[in-house]
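Single-structure report; data block below.
Please treat every number below as a calculation from the coordinates, not as lab data. Computed from a predicted model, the values in this text were never measured in an experiment. Cβ sites come from the backbone with ideal geometry, for glycine too, and all protein chains shown count toward neighbours.
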Amino acid sequence: MGKARKPNIGSELIEAPNQFYLNLLGYSPKQTSLQNLSESQWKKFTLSTGFNPNSSGIYLPRNQTAVIREQNILSLFHEYFGHGLYSEQSLSGRRLVDLEEKLLEKEKQEFREKKFTLEDIQKFRKQNKIFQELDEFRKQNLLQYETFAIWTEYLLSGKFGLKEDFEKKYDSLRGVEKKSVDSVIKFNEQYGNLATFYAQGLAKNITTERVRRLLGDVWGNELINNSKLVLLTGSKKPFSDIDLFVSSNYLQTTKNNWLDLVVFNEEDFEKKIKFFESQVTHPIMSGEFVAGDEKYLQQKKEQLQEQPITEEAIQHNFCKSEEQRTRALEYPKKSKERKLGFNYSETYLRNALALREGLRLFTKEDLFSWSLREKRIQLKGGRKI
């Protein structure tokens, strides 16, 4: 039997990965266009642009176009789905496109109605500030840019029966680039696809279903399902970290550049509810249920509405305010830690004073919209009233 014929780049090899990305991430490449050149067309293209004629494809950020040589499927994965998606859905990719577009406008202004050569363009660029900024930006982000595209090849080649081709192509990969790609592949094998995309800086289209899948990939469904409560909080913006509030005896607090998982064990969680701590009342009242016991969540909401406001709870919040203030003063002025500590201190203070007035202000928005005005006078002479 002869070798199986490799599929040509057609609608199937575009639509199938697109659907994979839509299901996983909630988006796929949209702004990126695709050009599939014959060998003769490729030679003309590289000759006129100065690109490497021995490469199998190129991505042009200035017009967001993936140019593929001779039906090369791995190049399709690399250029269109790798560089294309990165340029559309990461902050550094969008910055690269923005700089390229600005440079293109400057070149159009410079060479409008003029005859020019490739050498003329290169000479112009050397003296142009936008090109200098772009060149520096590319150097700083090149490893990340290429690593993501190579990992995309790895991911999609495994899904579409081309893993052997990928391994042959990158068998000669060496040095820092190999180490970087191997690191991402290892991370992916350990934590799954969603975590890998987010760790690589891609936008997050957050839904509770997607977060549940992410947590299952990272920690396993058994630990997530056995946790008392997992709530989605925060802004849910595409380039913010994912904020999760958890009551669990099985998970631990985790913070990185894409995930902020705040965990309290079940005993501490119950104590904080008893004292009306905004650290727990805010997510309970405004968070979205992700996993755990939904009936338990409703019980805790009712408890906060019905349990008596005690003097112990009031003084607890005053003490926490002073504790956070003292801790904040240990950090340098204008530091992030100092500012955060003062914010926490202010939140506890407002909560204590609101409770003193018999008010149940469960969210941070409610606390900070409530006017303190003359109530601060009460604090002269100490936090305890």
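Quick check: the angle from helix 11-25's long axis to the longest principal axis of the chain, C-alpha only, nearest 10 degrees?
Here the helix axis deviates by roughly 20 degrees.
Which cross-chain or sequence-distant (5 or more) residues have an amide H under 5 Å from the amide H of Asn36, H modelled 1.01 Å from N in plane?
Close amide H contacts, sequence-distant or interchain: Ile68.
Rounded to a whole number of µm²/s, how large is the Stokes-Einstein D of the range 218-306 at 25 °C and 0.890 mPa s, given Rh as the Kirkwood radius over C-alpha pairs?
Values: Rh = 13.3 Å.
This corresponds to a translational diffusion coefficient of 185 µm²/s.
Relative contact order for the chain: what is it in percent, counting Cα pairs under 8 Å that are at least 6 residues apart?
10
Mind ordering 54-67, 341-354 by average Cβ neighbours within 10 Å, highest first? The partial results should precede the final answer.
Working: 54-67: 18.9, 341-354: 21.2.
Ranked from most to least packed, the peptides come out as 341-354, 54-67.
Among Asp268, Asp171, Asp366, which comes first, second and so on when ranked by fewest other beta-carbon atoms within 10 Å? All intermediate terms of the calculation are to be shown ahead of the outcome.
Numbers: Asp268 13, Asp171 7, Asp366 19.
Listed from fewest to most nearby Cβ atoms, that is Asp171, Asp268, Asp366.
How long are the three semi-axes of the equivalent ellipsoid for the chain, computed from the Cα gyration tensor as the root of 5 times each eigenvalue, in whole Å, largest first? Walk me through the intermediate numbers first.
On the way: eigenvalues 553, 147, 52 Å².
Here the semi-axes work out to 53, 27, 16 Å.
Helix 294-306 against the longest principal axis of the chain: what's the angle in degrees, Cα atoms only, rounded to the nearest 10?
40
How big is the dipole moment of the chain about its Cα centre under a simple scheme where the beta carbon of each Lys and Arg is +1, that of each Asp and Glu is -1, and everything else is neutral? Debye, nearest 20, please. Can you show the working numbers first?
Numbers: 62 positive and 54 negative charges, 245 e Å.
Around 1180 debye, computed over the chain.
To the nearest 10 degrees, how steep is helix 129-159 against the longest Cα principal axis of the chain, on a 0 to 90 scale?
Computed tilt is about 90 degrees.
So how strong a dipole does the range 30-168 carry about its Cα centre when Lys and Arg Cβ are +1 and Asp and Glu Cβ are -1, to the nearest 20 debye?
Details: 22 positive and 21 negative charges, 80 e Å.
Around 380 debye, computed over the range 30-168.
Give me the compactness ratio for the range 11-199, meaning the Cα radius of gyration over 2.2 N^0.38 Å.
Working: Rg = 17.4 Å, N = 189, 2.2 N^0.38 = 16.1 Å.
In units of the 2.2 N^0.38 Å rule of thumb, it is 1.08.
Could you line up His316, His83, His78 from fewest to most neighbouring Cβ atoms inside 10 Å? Can you show the working numbers first?
Details: His316 21, His83 26, His78 29.
With the sparsest Cβ surroundings first, the list reads His316, His83, His78.
Compare the peptides 87-95, 325-333, 154-162 by average per-residue count of other Cβ atoms within 10 angstrom and give them in order, highest first. Could the numbers behind the result be given before it?
Details: 87-95: 19.1, 325-333: 12.7, 154-162: 17.3.
Packing order, densest peptide first, comes out as 87-95, 154-162, 325-333.
Please report the projected area of the range 278-369's Cα convex hull averaged over all directions, in nm². Numbers along the way, then the final one.
Numbers: hull surface 27.4 nm².
Here the figure is 6.9 nm², rounded to one decimal.
Sort Leu359, Leu37, Leu261 so that the residue with the fewest other Cβ atoms within 10 Å of its own Cβ comes first and the one with the most comes last.
On the way: Leu359 14, Leu37 18, Leu261 21.
Starting with the residue having the fewest Cβ neighbours, the order is Leu359, Leu37, Leu261.
May I ask you to list the aspartates and glutamates whose Cα is less than 14 Å away from that of Lys237, ignoring any residue fewer than eight positions away on the same chain?
Straight-distance partners of Lys237: Asp260.
Hey, which of these cross-link pairs are over 23 Å Cα-Cα: Lys228/Lys300; Lys102/Lys126; Lys271/Lys339?
On the way: Lys228/Lys300 12 Å; Lys102/Lys126 15 Å; Lys271/Lys339 26 Å.
Check vs 23 Å cut-off fails for Lys271/Lys339.
Please report the relative contact order for the range 311-379, taking Cα pairs under 8 Å with a sequence separation of at least 6, and give it as a percent rounded to a whole number.
Numbers: 58 pairs, mean separation 21.1, N = 69.
RCO, the range 311-379: 31 percent.
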